[in-house]
Amino acid sequence: ALGTRTWAAAGLFALAVGAAAAVALATLAAAPPSGYAQSYGHAALSPARLLGNLGLIVLPLSRTLAGPAWLSAALLGGVAVLGWAVLLRRAHHRRAYGAALLLALLVPALGAAAYLPWPRMERFYALPFLVGPMVLLGVGVTAAARRFRPLYVLLPLVAGLTLAAADASADADESIAVRQMNGVMARALGAMQGIDTVLVAIPYEEPAALAWQGPGPTLRRYALATGVAGPDAPAVVDVTCSRAAARFQLQPPHVAFISYPGMCGPLPPGALVVDRPYAYMDLLFARSLPRTARADLWLPRAAAPVPPAPGTGR
């Protein structure tokens, strides 16, 4: 039978989940129609997104999961699975260990399900749910080290954590590059003359009440907040990739276009390219892979040219 401590842990877990759910529901109910919380429920529900959320919570590495990230996940996951397999072979405590394993797995599973109706999934969303993966890895490593030689457990553990650290460093470099790129785009908004609207191409369509949350309006608010653009800066509106392409064919005289190649692809030759390079350290093959955060800006011929900041565009 399950012990008193196991039942107490299960009860506390249930209370914590219930309290968190109550807070989330109260926040959603109190949010205004155009509030940030109203984005909840506007995402497509699919098993693929659920598994993606779960993977990002269990091991928040690169979304693309390049070779080093895959190897890190395999090494850390392999050590955890080995340790829990050792524990579950002990017949005397099998039910207690099984209950503990279930609770540890439920934490990231509930987090993945909670964010399923949310339209985006960032790695820092995993923070409240990392207690589950921490228990899985910590208990697994301890059990494996007691059953086998500690050195055999330590080597894959250190290798996996080293690869994960390199991935985290690359993510930080990417975030810095994206912010620098957006800073250049914000300054370009402030320098525009003869432009009344800027269309930003995105691969999805925000509900009308939530349009202010999109990348285009957010870029304009950032430009105003940092003082690089004044209140007379052009309106910035998000449109889907197909609508942006259709409007681009018309070449409206007072409309500029912004496209992020990672979203809707690059603009034709003649656009101002704003890019910020950064490097991904691939420790698996001991090499540095060049990557770039990039945005394209197209101005109509009648508009005054916007010079790029030194070293940031062409």
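A single entry from Leu127, Leu116 fulfils the requirement of being touching a Leu at 6+ places or on another chain (Cβ under 7 Å), within 23 Å of Gln213 (Cβ to Cβ), of a type in the set (A, V, I, L, M, F, W, C) and at pLDDT below 90: Leu116.
Looking at Tyr97, Tyr125, Tyr152, which one is assigned to a helix (DSSP H, G or I), at negative phi, in contact with a helix residue (DSSP H, G or I) (Cβ under 7 Å, 6 or more places away or on another chain) and hydroxyl-bearing (Ser, Thr, Tyr)?
Tyr97
All of Leu116, Leu163 fail the test of being under 23 Å from the mean Cα position of the chain (by Cα), buried (at least 16 other Cβ atoms within 10 Å of the Cβ) and assigned to a loop (DSSP other than H, G, I, E, B), apart from Leu116.
Condition check: among the small types (Gly, Ala, Ser) and crowded, with 19+ Cβ neighbours inside 10 Å. Does Ala246 satisfy that? When the stated conditions are applied, Ala246 does not pass them. The listed residues are Ala208, Ala191, and the only one of them that is more than 30 Å from Ala80 (Cα to Cα) and without any contact (Cβ under 8 Å) to a residue 24 or more places away in the chain turns out to be Ala208. For the stretch 87-102, taking the residues that are surrounded by fewer than 16 Cβ atoms within 10 Å (Cβ to Cβ) and hydrophobic (A, V, I, L, M, F, W, C), the one that is farthest from the chain's Cα centre (by Cα) is identified as Ala91. Within the stretch 259-307, track down each residue that is β-branched (Val, Ile, Thr), modelled with pLDDT of 85 or more and either part of a loop (DSSP other than H, G, I, E, B) or surrounded by 19 or more Cβ atoms within 10 Å (Cβ to Cβ) (or both). Correct list: Val274 only. With respect to the conditions (1) loosely packed, with under 14 Cβ neighbours inside 10 Å; (2) not in a helix (DSSP H, G or I), Gly138 falls short on a single one, namely (2). As a summary of the residue check, Pro68 satisfies the conditions (1) more than 30 Å from Ala159 (Cβ to Cβ); (2) at pLDDT below 80 except for the one numbered (1).
Entry remark, the stretch 197-237: residues being farther than 22 Å from Pro266 by Cβ and out of contact with any strand residue (DSSP E or B) (no Cβ under 7 Å at 6 or more places or on another chain) number 19 in total. Here's a check for you: in the stretch 40-61, which residue that is in a loop (DSSP other than H, G, I, E, B) and touching a residue at least 60 places away in the same chain (Cβ under 8 Å) is nearest to Ala80 (Cα to Cα)? Checking each candidate, the answer is Leu59.
The values are calculated or read from the model by the stated rules, or taken from the named source; none is laboratory data. As the structure is a computational prediction, the values presented were derived from the model and not from experiment. Neighbour counts are summed over all protein chains in view; Cβ atoms, including those assigned to glycine, are modelled from backbone coordinates with ideal geometry.
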